[in-house]
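Working notes for the structure below.
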Amino acid sequence: MDGTAWGDLSRPPLRAGPLRRALTGGGPWTSLDVVPATGSTNADLAAAVRAGTADHGAVLTTDDQQAGRGRRDRTWTAPPRSAIAVSFFVRPHDVPRAMWSWLPLTVGLGVSDALVRVGGLDARLKWPNDVLVQEEKICGVLAEVVEHPAGAGVVVGVGLNVSQRRDELPVPTATSLAVAGAATTDRDTVLRAVLRAVGDRYQAWAAAGGQPRASGVAAAYRERCRTIGQVVRVELPGGESLQGEAEGVDDEGRLLVRDGQRVHALAAGDVVHVRPAPPPDTA
């Protein structure tokens, strides 16, 4: 390899011009920038939003994200040009702030739409922010409220594993499009599909004033959510936990977990981890 972006022909760089022409002007995306490398697209875009140099519909992506973050500051890394790291900013000003909790769920749903359409994969959702294929994590979503000079909005980051081999994945419970046998691992193709599908879901949600039922997001999310129906162990801040059946997701985007006679409504910010409960000890 020659050390340039084209050194590994199996992992070419993203093509900013064609992506920009394909994705801006006809939907929610108003600008799209590709940088060769950065620490975090979310951090960079959030800084631009606060400075007023990026506004609603701005998209930022990179070929090499070196300090990606997930929920609760968990790290996310991948070899250069092997994954999609993309962030975008939206100001859903017609949506009550209380309903913004549905935004990361809506984005995850859009990502799963794209993986079904262009990847031919049975993509499912793990509440609140993961996309799964064959019970393994292929994508994570991170949303954070950011103040723009014209009003608050949300920067949403998507990290999607694309061409990583099994030995390049960070944990045994992760997968990639390549490992899962997707129909394509071309990052330009996948990124276009993801942003179009997310844009469609976002626009429907925003047009309905953030109402998940009216927008169709709630029914689609619940149908595709792998967490619903599982017996789960929920780890809470402070080392506490609860275990019970995940009965559903309510209209505020909270996970409903039945623990005996009590149903707990858990917001994403209330939990550290949600995992399938270990099987009972039958010894």
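The values are calculated or read from the model by the stated rules, or taken from the named source; none is laboratory data. The shown structure was predicted, so the numbers you read here are calculated from the model rather than taken from an experiment. All Cβ positions, even for glycine, are placed from backbone atoms using ideal geometry, and neighbour counts span all protein chains on display.
Take the residues of region 1-27 that are among the hydrophobic types (A, V, I, L, M, F, W, C) and exposed (fewer than 15 other Cβ atoms within 10 Å of the Cβ): which is modelled with the highest pLDDT?
A16
Are any of the residues in region 193-204 closer than 18 Å to H56 by Cα and either free of Cβ contacts under 8 Å to residues at least 12 places away in the same chain or over 17 Å from the mean Cα position of the chain (by Cα) (or both)?
yes
Of T175, T184, which residue is in the same structural domain as G157 (by TED's automatic domain parsing), over 30 Å from T24 (Cβ atoms) and in contact (Cβ under 8 Å) with a residue 40 or more places away in the chain?
T175
Being under 19 Å from S101 (Cα atoms) and assigned to a loop (DSSP other than H, G, I, E, B): is that true of G199 here?
no
Within 18 Å of G229 (Cβ to Cβ) and modelled with pLDDT of 95 or more: is that true of S87 in this structure?
no
Please state which one of G269, G253 is touching a helix residue (DSSP H, G or I) at 6+ places or on another chain (Cβ under 9 Å) and not in a loop (DSSP other than H, G, I, E, B).
G269
For every residue, the table says whether it meets (1) touching a helix residue (DSSP H, G or I) at 6+ places or on another chain (Cβ under 6 Å); (2) in a helix (DSSP H, G or I); (3) at positive phi; (4) of a type outside the set (D, E, K, R).
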| position | (1), (2), (3), (4) |
| --- | --- |
| S10 | no, no, no, yes |
| P13 | no, no, no, yes |
| R20 | no, yes, no, no |
| D33 | no, no, no, no |
| L45 | no, yes, no, yes |
| R50 | no, yes, no, no |
| H56 | no, no, no, yes |
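Restricting region 230-250 to residues that are in contact (Cβ under 8 Å) with a residue 40 or more places away in the chain and not small (G, A, S), which is nearest to A143 (Cα to Cα)?
Out of the qualifying residues, it is V249.
In region 233-250, what residues are touching an Asp or Glu at 6+ places or on another chain (Cβ under 8 Å), in a strand (DSSP E or B) and not hydrophobic (A, V, I, L, M, F, W, C)?
S241, Q243, G244, listed by residue number.
Among the listed residues A214, A204, A218, which satisfies the condition of being buried (at least 20 other Cβ atoms within 10 Å of the Cβ) and assigned by TED's automatic domain parsing to the domain that holds V158?
A218
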